[in-house]
Amino acid sequence: MTRPRLAATGRTAKQYVDDRVLLEAKRLLWHSGLTAKEVADRLGFTDAGDFTKFFRLHTGMTPGTFREHPSPAA
């Protein structure tokens, strides 16, 4: 098995894309009136549950919790 190649950032392409999707998700949740499902749709998730799992994996909280209490570290 080969090791993933790292970009100049020290992150894999997948990690870089996930970081960007997460940043956009946070921006939409905090600054728009969109629901979590609408954010999921806008970001290309086919299921809102998959978006919630992705968001919780990367932040430790649900999109709804983030919207209510955004953490600078999240």
Review point. If Thr2 passes every condition in (1) more than 18 Å from Gly64 (Cβ to Cβ); (2) at pLDDT 95 or above; (3) open to solvent by 80 Å² or more (accessible area, probe 1.4 Å) but one, which one does it miss?
Key: (2)
Point to revise | Scan of the range 26-66 for residues that are in contact with a Lys or Arg (Cβ under 9 Å, 6 or more places away or on another chain) and aliphatic (A, V, I, L, M), ordered by number | key: Leu28, Leu29, Leu34, Ala36, Ala48
Practice item. Pairs only if they're at least six apart or on different chains, beta carbon under 6 angstrom, first in the range 31-56 and of a type in the set (D, E, K, R), second open to solvent by less than 70 Å² (accessible area, probe 1.4 Å); list them, first residue then second. Key: Lys37/Ala48; Arg56/Thr62
Study note, to complete from the structure: Considering the range 39-55, residues that are of a type outside the set (A, V, I, L, M, F, W, C) and open to solvent by less than 80 Å² (accessible area, probe 1.4 Å), and then whichever is nearest to Phe66 (Cα to Cα), we arrive at Thr52
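The values are calculated or read from the model by the stated rules, or taken from the named source; none is laboratory data. It should be emphasised that the depicted structure is a prediction, and the values quoted were computed from it without experimental measurement. Note that we place each Cβ from the backbone using ideal geometry, even for glycine, and neighbour counts take in every protein chain shown. Areas reflect the complete protein model, heavy atoms only, side chains present, ligands, DNA and RNA absent. Shrake-Rupley method; radii C 1.70, N 1.55, O 1.52, S 1.80 Å.
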